[in-house]
Amino acid sequence: MTMEWDKLDNSMQVLFDKLNTALKRFGYVAFISRRYDHLGKYTLCTPYKFSTRSPWFEDWFQTKFQNVKGHSLVNENACYNLYEFGRYCSHLDGDFAECGVYKGGTAYMLADVLMSLSLQSKSLHLFDTFSGMPSTADKDPSGHKQGEYGDITLEEVKAYLNPFPFIIFHPGFIPETFRGLEDNRYAFVHVDVDLYQSTKDSLSFFYDRMIKGGIILFDEYGKIGYERSERLAVDEFFQDKPEIPISLRTGQCFIIKL
Ligand SMILES: C[S@@+](CC[C@H](N)C(=O)[O-])C[C@H]1O[C@@H](n2cnc3c(N)ncnc32)[C@H](O)[C@@H]1O
């Protein structure tokens, strides 16, 4: 039975490879990608011909991702990066924070890290209006508009994240909601606010408060449409800093505080 699947899988893969090659010849970005084998361990790494291990499709991570589905705009590959960067930083002193929470999916991932590692002495700080994009969105080059992502209430997000008592909510406008937290230190910060000014303000506050070796992960950095918003804010900020934003295939980028 396994042999049959393997054969079918390989011939399907050959077909997909041929289609990708043909698409590229006509100037199209090869878009057909799928799980490479029936165990879901490898995926085709377009535009390259090889496949790579894809732990975000493995059962252990899919089980975690089920908790987030319907509560996040972030896909499983990016959530996996978030989860693993969180785990990596959990051994450092300092709290975790997220700017841009929306329905709470990625916050759930980070809370899961702290819960699984019994690190509930750390707090997870969540910053969002919890009523949609602020008015600054209307002038942002990303094209987002005020009120977008407003189909949620703070109470609903609190109910979803109820299993995690170490979460501290900071509802309101960034950077105003950073007030009073000046003396805190952070091991990991997830910035997913999309907008130029919100990204700049988040960075201006957290950068100096990061523990050495701590990570800031940006969600939208490399995605089409964010060149003059989130990406520009990150690039400008790190122009005169020793850290270098490192791009990931997911469109995320990260810096490690030196
Ligand atoms: C893309 S969504 C976050 C997605 C979320 N991380 C997830 O798991 O799906 C962006 C969020 O940033 C918030 N946001 C953007 N700028 C903000 C600001 N200046 N103050 C507060 N919230 C802001 C919006 O309200 C919105 O909920």
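The values are calculated or read from the model by the stated rules, or taken from the named source; none is laboratory data. As the structure is a computational prediction, the values presented were derived from the model and not from experiment. With ideal geometry, Cβ positions are generated from the backbone for all residues, glycine too; neighbour counts draw on all protein chains shown.
Just wondering, is there one or more residues in the stretch 92-101 that are at positive phi and under 11 Å from the mean Cα position of the chain (by Cα)? Taking every residue of the stretch 92-101 in turn, at least one turns out to be at positive phi and under 11 Å from the mean Cα position of the chain (by Cα).
Mind checking whether some residue in the stretch 75-85 is at pLDDT 90 or above, out of contact with any strand residue (DSSP E or B) (no Cβ under 7 Å at 6 or more places or on another chain) and not in a helix (DSSP H, G or I)? Yes, the stretch 75-85 has at least one match.
Being more than 10 Å from the ligand (Cβ to nearest atom) and aromatic (Phe, Trp, Tyr): is that true of residue 173 here? Talk me through it step by step, then tell me what you get.
Working: more than 10 Å from the ligand (Cβ to nearest atom): no; aromatic (Phe, Trp, Tyr): yes.
Here the answer is no, as residue 173 does not meet what is asked.
Mind checking which residues of the stretch 223-249 are closer than 20 Å to residue 207 by Cβ, free of Cβ contacts under 8 Å to residues at least 40 places away in the same chain and part of a loop (DSSP other than H, G, I, E, B)? 239, 240, 241, 242, 243, 244, 245 - these are the residues of the stretch 223-249 that are closer than 20 Å to residue 207 by Cβ, free of Cβ contacts under 8 Å to residues at least 40 places away in the same chain and part of a loop (DSSP other than H, G, I, E, B). Within the stretch 213-231, is there a residue that is surrounded by fewer than 23 Cβ atoms within 10 Å (Cβ to Cβ), farther than 19 Å from residue 110 by Cα and of a type in the set (S, T, N, Q)? Among the residues of the stretch 213-231, not one is surrounded by fewer than 23 Cβ atoms within 10 Å (Cβ to Cβ), farther than 19 Å from residue 110 by Cα and of a type in the set (S, T, N, Q), which makes the answer no. Please enumerate the residues belonging to the stretch 108-139 that are touching a Leu at 6+ places or on another chain (Cβ under 9 Å), part of a helix (DSSP H, G or I) and more than 16 Å from the ligand (Cβ to nearest atom). Hit for the stretch 108-139 is 114, nothing else. Annotation note: Cβ proximity below 8 Å between a residue of the stretch 42-67 that is surrounded by 12 or more Cβ atoms within 10 Å (Cβ to Cβ) and a residue that is at pLDDT 90 or above and of a type in the set (A, V, I, L, M) (sequence gap 6+ or interchain) occurs for 64/109. The numbered conditions (1) over 18 Å from the mean Cα position of the chain (by Cα); (2) within 15 Å of the ligand (Cβ to nearest atom); (3) over 25 Å from residue 108 (Cβ atoms) are all true for residue 239 except (2). Residues in the stretch 103-131 that are farther than 16 Å from residue 84 by Cα and charged (D, E, K, R): 103, 122, 128.
Could you tell me whether residue 255 is among the β-branched types (Val, Ile, Thr), in contact with a Cys (Cβ under 9 Å, 6 or more places away or on another chain) and either more than 12 Å from the ligand (Cβ to nearest atom) or assigned to a strand (DSSP E or B) (or both)? Even if it seems obvious, please write down each step before you answer.
Values: among the β-branched types (Val, Ile, Thr): yes; in contact with a Cys (Cβ under 9 Å, 6 or more places away or on another chain): no; either more than 12 Å from the ligand (Cβ to nearest atom) or assigned to a strand (DSSP E or B) (or both): yes.
Judged against the criteria, residue 255 is not a match.
A search for C-beta distances below 9 Å between a residue of the stretch 90-116 that is outside the structural domain of residue 202 (by TED's automatic domain parsing) and any residue that is surrounded by fewer than 21 Cβ atoms within 10 Å (Cβ to Cβ) and modelled with pLDDT of 95 or more, counting only pairs 6+ apart in sequence or on different chains, returns nothing.
For the stretch 74-107, taking the residues that are within 21 Å of residue 162 (Cα to Cα) and of a type in the set (A, V, I, L, M), the one that is farthest from the ligand (Cβ to nearest atom) is identified as 97.
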